[in-house]
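One structure is given below, encoded as structure tokens.
The values are calculated or read from the model by the stated rules, or taken from the named source; none is laboratory data. Computed from a predicted model, the values in this text were never measured in an experiment. Glycine gets a Cβ as well: all are built from the backbone with ideal geometry, and neighbour counts include every protein chain shown. For accessibility, only protein heavy atoms count, side chains too; no ligands or nucleic acids. Shrake-Rupley method; radii C 1.70, N 1.55, O 1.52, S 1.80 Å.
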Amino acid sequence: MRSISPLLAGLMALLLVLPAGVRAEVRLLAFGDSLVQGYGLPQGEGFVPQLEARLRDGGHEVSVINAGVSGDTSAGGLSRIGWSLAEDVDAVIVVLGGNDLLRGLDPADTRESIGGILEEIRARGLPVLLAGMQAPGNYGAAYKEAFDGLYPALADAKGARLFPSFMAPLMGDPEAPDLAAARALLQPDGVHPNAEGVARIVEAMLPQVEAMLAEVE
């Protein structure tokens with residue numbers, strides 16, 4: 001009888017270890033706007049590829065799916081979350097609200113839309129990490145309080161993990177933010193992080209992402 005090659009033997013062993021229908025790789029959906037999509041950055045330097053690389057370096061068998069749409073508002077995200085989840089995904093990161101701020105939209109509308117997104121995700125039994133945004137002071141104290149507060153309130157109400165501020169890692173010490181250093185981590189538009197800025201964000205978010213993946217790995 002002919003002997004089985006080592007490669008074939010290894011494949012057969014893998015099939016015996018994995019139950020039918022079980023994937024070895026975790027699929028993580030990164031759902032958001034241009035901050036997720038990778039606006040202005042070369043291929044491989046955006047949020048999604050950098051996050052996937054760091055997770056794989058840490059020993060996680062994970063594929064991060066880019067569901068970022070430049071210019072998308074929270075309402076736009078709500079309109080497409082259903083078919084985005086049609087992908088066979090295991091966990092979700094939500095990064096939305098920046099374009100709501102740029103347009104000065106009512107925080108109550110943003111809260112309703114992001115709340116609907118979280119409900120759709122949780123209805124499918126998926127763990128979710130919500131990244132917060134902070135309003136600039138020029139909208140007034142009342143607007144800032146309402147907008148900044150919607151993220152922790154929604155995370156608590158909808159059972160989501162919370163990364164308090166997507167852009168905060170660019171600012172350094174929160175007690176004494178370094179605005180000059182932050183500007184050096186932004187692209188010329190002054191809005192989107194450059195590759196080094198993205199790396200800072202990924203590094204800060206990594207523990208939360210790994211804790212979420214522990215629920216499904």
Sole exception among (1) open to solvent by less than 40 Å² (accessible area, probe 1.4 Å); (2) in contact with a Gly (Cβ under 7 Å, 6 or more places away or on another chain); (3) free of Cβ contacts under 8 Å to residues at least 60 places away in the same chain for Val198, by number
(3)
Going by the conditions given, is Leu154 outside any loop (DSSP other than H, G, I, E, B) and open to solvent by less than 20 Å² (accessible area, probe 1.4 Å)?
yes
Run Val48 past the list (1) open to solvent by less than 20 Å² (accessible area, probe 1.4 Å); (2) closer than 26 Å to Asp148 by Cβ; (3) assigned to a helix (DSSP H, G or I); (4) touching a residue at least 40 places away in the same chain (Cβ under 8 Å) and report the number of the one that doesn't hold.
(4)
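Among Val209, Val216, which is the only one that is in contact with a strand residue (DSSP E or B) (Cβ under 7 Å, 6 or more places away or on another chain), at pLDDT 95 or above and among the aliphatic types (A, V, I, L, M)?
Of the residues listed, the single one that is in contact with a strand residue (DSSP E or B) (Cβ under 7 Å, 6 or more places away or on another chain), at pLDDT 95 or above and among the aliphatic types (A, V, I, L, M) is Val209.
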